[in-house]
Amino acid sequence: MAFRFLHMADIHFDTPFLSRNEEVRRLLKESMQNAFKAGVELAVKSAAHAFLIAGDLFDNDNLSYKTAKFLYEQLDRLNDAGIMVFYAAGNHDPEAIIHKFNFMKWPEYVYIFDRAEPEKVFVKDTDGNVVGVVHGAGHESKREGRNLAKAFGKAVPGVPNVGLLHTFVTGLKVSLGYENYAPCSLEDLKGLDYSYWALGHIHKRAEILDKPMAVYPGNLIGRNPNETGPKGAYLVEIEENNGLKINFHELSPIIWDTVLIDDISDAYDFKRLEDKIYSSVTGYINEKGYDKKLILRGILKGSSPLYKELKNEENVEELQDSLKDRLGAVSFELICDDLQRSIDLKEYAGGTHVIGAALKILDDIKENPRLLLSLKPDSLAGFMGGNEEETINYLKSLLDNMEAEVVYRMTGGDGNEV
C-alpha cells in the first residue's frame with residue numbers, strides 16, 4: 001500500500017503585517033487561513049495518511065483566539081478523515097512557544113516533535129496497518145544552533161520512511177539570506193535509507209535532493225515583496241517499492257510579484273508613463289497566467305524625463321493608486337530608486353575635461369573585475385554574501401546609472417537633461 005501525505009511549512013499564522021494598511025492586512029490573514037484550509041481539503045480528498053507541518057506554524061508568540069478556533073476546526077477535519085498530523089517545531093515556534101498559548105491545548109491526535117532528540121512514529125491507515133514511518137525533531141529555542149539532522153536514526157525496513165525537520169541546509173544558493181538555524185548538510189540527509197525529507201525554513205520552493213528526495217515547499221503564502229510567485233504545498237505518494245510521486249499544489253489565493261519596467265525613456269508626461277507601466281505589468285501577468293489576487297511591485301529602471309517629478313512622493317502615490325485601480329490589484333507599489341537622469345552623456349564622454357576623465361574611470365572600473373574587487377569595502381550593505389562572481393555582479397549593480405549622476409553632480413545640477 002502506498003504512503004500518502006501532504007507536506008507544508010512556514011505558515012506563520014497571525015503575522016502582523018504592520019507595514020501594510022488595514023485592508024491588505026485583513027486580506028493576507030484571511031489568505032493564510034484559506035490556504036491552510038485548501039491544504040486540509042486536498043489531504044482529505046486525496047485520502048492522505050498524514051499531514052506534515054515542517055515548522056513555523058506560528059509567527060513567534062502571535063496567536064489570536066480566532067486563529068486557534070480555526071486550527072481546531074481544521075485539525076478535527078483531518079482527524080475525522082483518519083489523517084494523522086505531525087508538526088515539527090521551528091525557530092519561530094520552538095517548544096517554549098508551542099505550549100505557552102492558554103487557549104491552544106493540542107489534541108492527542110496531533111504529534112508534535114518539539115525536542116532536539118529525534119523520535120519516530122509509525123503511521124497507520126484506518127484499518128490499523130502500518131503504511132509509513134515519520135522521523136522528526138524540533139527546535140527547543142529560537143536560535144537552535146545544533147545539527148539536529150545528524151542524530152536521526154536509520155530507516156525502519158519494509159516501509160517508507162520520511163524525515164520531518166525545520167533546518168538550514170548549508171551550501172545551497174536557495175539558502176542565502178536565511179539564518180543558519182539547526183544547520184545541516186546534504187550529506188547529513190543521505191545514508192539513512194529514507195524515501196523523503198520534508199523540510200521547512202527556506203521560504204522558496206526547492207527540490208534540493210533526488211535520492212533521497214528532499215524538498216522545501218516554501219512558505220504557504222507570500223508575506224512580503226521578496227516572496228513572489230505561486231505558493232502552496234506538496235502532495236507526496238511513496239509506493240511499496242519506494243517509487244515516489246510528488247506534486248506541488250498551489251494553495252495560496254494571493255500572489256506577490258515584482259515587474260521590471262525599463263522602457264520609459266520617451267515617457268515625457270505622466271499619462272504616457274502610466275500607460276507604459278500598465279502595458280508592461282499586464283503583459284507580465286498574462287505571460288505568467290496569474291488568476292489570483294495580486295500584490296504587485298513595479299521597479300522603474302533606466303533614464304526618465306520625469307526623474308525630478310518622480311522624486312515627489314505625492315506624484316508617486318497618485319501614480320500607484322491609479323495603476324492599482326486599472327490593474328485590479330490588491331496593492332501596487334512603485335519603486336523609483338534605480339531611475340537615471342535623462343542626461344546626454346555623449347556630450348561629456350571622451351572629453352579632455354575632468355568630467356570626461358571621471359567617466360573614463362567609471363568605464364575602467366566596470367571593465368576590470370580585479371580593479372573593482374580591489375576597491376570593495378570590507379562590508380557591503382545589502383549583500384548577503386556569495387562567491388567571487390556574485391560579488392563582482394553585485395558591485396557592478398551598484399554602479400548602474402552612475403554616469404548620469406556623476407555628470408549631474410559635477411555640473412552642479414546643470415547637466416544637459418533631455
So which residues in segment 51-76 are touching a Gly at 6+ places or on another chain (Cβ under 7 Å) and at negative phi? A54
Count of segment 60-83 residues which are of a type in the set (A, V, I, L, M), in contact with a Phe, Trp or Tyr (Cβ under 7 Å, 6 or more places away or on another chain) and more than 19 Å from M32 (Cβ to Cβ): 1
Reported set for segment 107-143 where residues are of a type in the set (S, T, Y) and closer than 28 Å to N241 by Cα is Y111, T126
Quick check on K120: is it open to solvent by 70 Å² or more (accessible area, probe 1.4 Å), among the basic types (K, R), over 15 Å from F13 (Cα atoms) and in a loop (DSSP other than H, G, I, E, B)? no
Top-ranked residue in segment 237-250 [being touching a Pro at 6+ places or on another chain (Cβ under 9 Å) and not in a strand (DSSP E or B); ranked as modelled with the highest pLDDT]: E239
Can you find a residue that is touching a Phe, Trp or Tyr at 6+ places or on another chain (Cβ under 8 Å), β-branched (V, I, T) and surrounded by 11 or more Cβ atoms within 10 Å (Cβ to Cβ) anywhere in segment 348-355? yes
Given (1) open to solvent by less than 50 Å² (accessible area, probe 1.4 Å); (2) touching a residue at least 24 places away in the same chain (Cβ under 8 Å), number of the condition G128 does not satisfy: (2)
So is A155 hydrophobic (A, V, I, L, M, F, W, C), farther than 29 Å from F13 by Cβ and open to solvent by 10 Å² or more (accessible area, probe 1.4 Å) or not? yes
Looking at segment 234-259 only, could you name the residues that are under 23 Å from V24 (Cα atoms) and out of contact with any helix residue (DSSP H, G or I) (no Cβ under 8 Å at 6 or more places or on another chain)? E250, I255, W256, T258
Taking segment 386-395 and keeping residues of a type outside the set (V, I, T) and either touching a Phe, Trp or Tyr at 6+ places or on another chain (Cβ under 8 Å) or surrounded by fewer than 14 Cβ atoms within 10 Å (Cβ to Cβ) (or both) leaves G386, N387, E388, E389, N393, Y394
Touching a Leu at 6+ places or on another chain (Cβ under 8 Å), open to solvent by less than 50 Å² (accessible area, probe 1.4 Å) and of a type in the set (A, V, I, L, M): is that true of L199 in this structure? yes
Exactly one of (1) out of contact with any helix residue (DSSP H, G or I) (no Cβ under 9 Å at 6 or more places or on another chain); (2) farther than 16 Å from A54 by Cβ; (3) of a type in the set (D, E, K, R) is unmet by E144. Its number? (2)
Considering residues of segment 291-307 that are under 16 Å from P225 (Cα atoms) and not β-branched (V, I, T) only, the residue most open to solvent (accessible area, probe 1.4 Å): K293
Filtering segment 317-329 down to residues that are open to solvent by 20 Å² or more (accessible area, probe 1.4 Å), on the phi < 0 side of the Ramachandran plot and not polar (S, T, N, Q), which residue is farthest from the chain's Cα centre (by Cα)? E318
Considering every residue within segment 55-70, establish whether at least one is touching a Leu at 6+ places or on another chain (Cβ under 7 Å) and closer than 30 Å to G158 by Cα. no
State yes or no: is G163 outside any strand (DSSP E or B) and modelled with pLDDT of 95 or more? no
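The values are calculated or read from the model by the stated rules, or taken from the named source; none is laboratory data. Given the structure is predicted, the values throughout are model-derived calculations rather than measurements. Cβ coordinates were reconstructed from backbone atoms using ideal geometry, including for glycine residues, and neighbour counts include every protein chain displayed. For the accessible areas, the whole protein counts, side chains as well, though only heavy atoms, and no ligand, DNA or RNA atoms are used. Shrake-Rupley method; radii C 1.70, N 1.55, O 1.52, S 1.80 Å.
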